[in-house]
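What follows is a single structure, written as structure tokens, with notes after it.
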Amino acid sequence: MALPSTIYRTNIQLSDVDRAVYETLSATVARHPSETEERLVTRLLAYSLFYEPELSFTKGICAVDEPDLWLKGPDDRVLIWVEVGLPESDRIVKASRHTERIVLVACGKTYMSWEQQHLQKLMRVPNLTLISFDQQFISSLVSVLQRSIDWEITVTDGNIYINAGGETFETPLKVLVGRR
């Protein structure tokens, strides 16, 4: 018998001063049994940092031909493809040919070796934005993670501040390729 997904209800007060985006984001997000809490947290961060009104979660891990988030145009073309984790560079290069903009939020315990193996190839992708987060920052957010997520996120001067679970966490946004 397969394990069910874990459902999280999110309420995010987003103040992205750098992009002049001020929104309340509410979503119900499923965490697949094979997905780590770290990856879930990173997906929520990606959703917040690249928020556009029509940006939506996909089937994610369950669908190998879909990203974690996407924004589709009225003609069903993918305008923004957002991937989370440490995918093979070939996957990103291929996806970049079918979208106007591709975003990779690189995270994971093996990030350093992944970067050495894939970063040079990815730097040549013209429509790519690649950012990463410090693993300790992600782990800190996981430590206060609950099924009902209530975050206040402020992005200013290239830094992200999150008030979650009565604590404040902060980290610089590391944009390795492209622009946010």
Query - Test: residue 66 is out of contact with any strand residue (DSSP E or B) (no Cβ under 6 Å at 6 or more places or on another chain), without any contact (Cβ under 8 Å) to a residue 24 or more places away in the chain, of a type in the set (D, E, K, R) and surrounded by 13 or more Cβ atoms within 10 Å (Cβ to Cβ) - result: yes
Query raised in the report: How many of the residues making up segment 93-114 are modelled with pLDDT of 95 or more, in a helix (DSSP H, G or I) and under 20 Å from residue 38 (Cβ atoms)?
Result: 2
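Residues 105, 93, 142, 175: which one is crowded, with 17+ Cβ neighbours inside 10 Å, touching a residue at least 12 places away in the same chain (Cβ under 8 Å), at negative phi and aliphatic (A, V, I, L, M)? Steps first, please.
Numbers: 93 fails: crowded, with 17+ Cβ neighbours inside 10 Å; 142 fails: crowded, with 17+ Cβ neighbours inside 10 Å; 175 fails: crowded, with 17+ Cβ neighbours inside 10 Å.
Criteria check complete, one pass: 105.
Give the residue that is nearest to the chain's Cα centre (by Cα), with candidates limited to residues of segment 151-180 that are closer than 25 Å to residue 80 by Cβ and of a type in the set (Asp, Glu).
Residue satisfying both the conditions and the ranking: 152.
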Query raised in the report: Given (1) in contact (Cβ under 8 Å) with a residue 60 or more places away in the chain; (2) under 22 Å from residue 23 (Cβ atoms), where does residue 79 come up short, assuming only one miss?
Result: (1)
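When only residues in segment 145-172 that are small (Gly, Ala, Ser) and surrounded by fewer than 11 Cβ atoms within 10 Å (Cβ to Cβ) count, which is modelled with the highest pLDDT?
Quick first cut of segment 145-172, residues small (Gly, Ala, Ser) only: 148, 158, 164-166.
Then keep just the ones that are surrounded by fewer than 11 Cβ atoms within 10 Å (Cβ to Cβ); that gives 148, 166.
Details: 148: 96, 166: 92.
The residue in question is 148.
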Query raised in the report: What are the pairs, 6+ residues apart or on separate chains, where a residue within segment 116-136 that is more than 16 Å from residue 96 (Cα to Cα) has its Cβ under 6 Å from a residue that is assigned to a strand (DSSP E or B) and among the aromatic types (Phe, Trp, Tyr)?
Result: none
Report task. Taking the options 36, 42, name whichever one is surrounded by 13 or more Cβ atoms within 10 Å (Cβ to Cβ) and in contact (Cβ under 8 Å) with a residue 40 or more places away in the chain. Result -> 42
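The values are calculated or read from the model by the stated rules, or taken from the named source; none is laboratory data. This structure is a prediction, so every number in the text was calculated from the model and none was measured. Neighbour counts run over all protein chains shown; Cβ positions are idealised from the backbone, glycine included.
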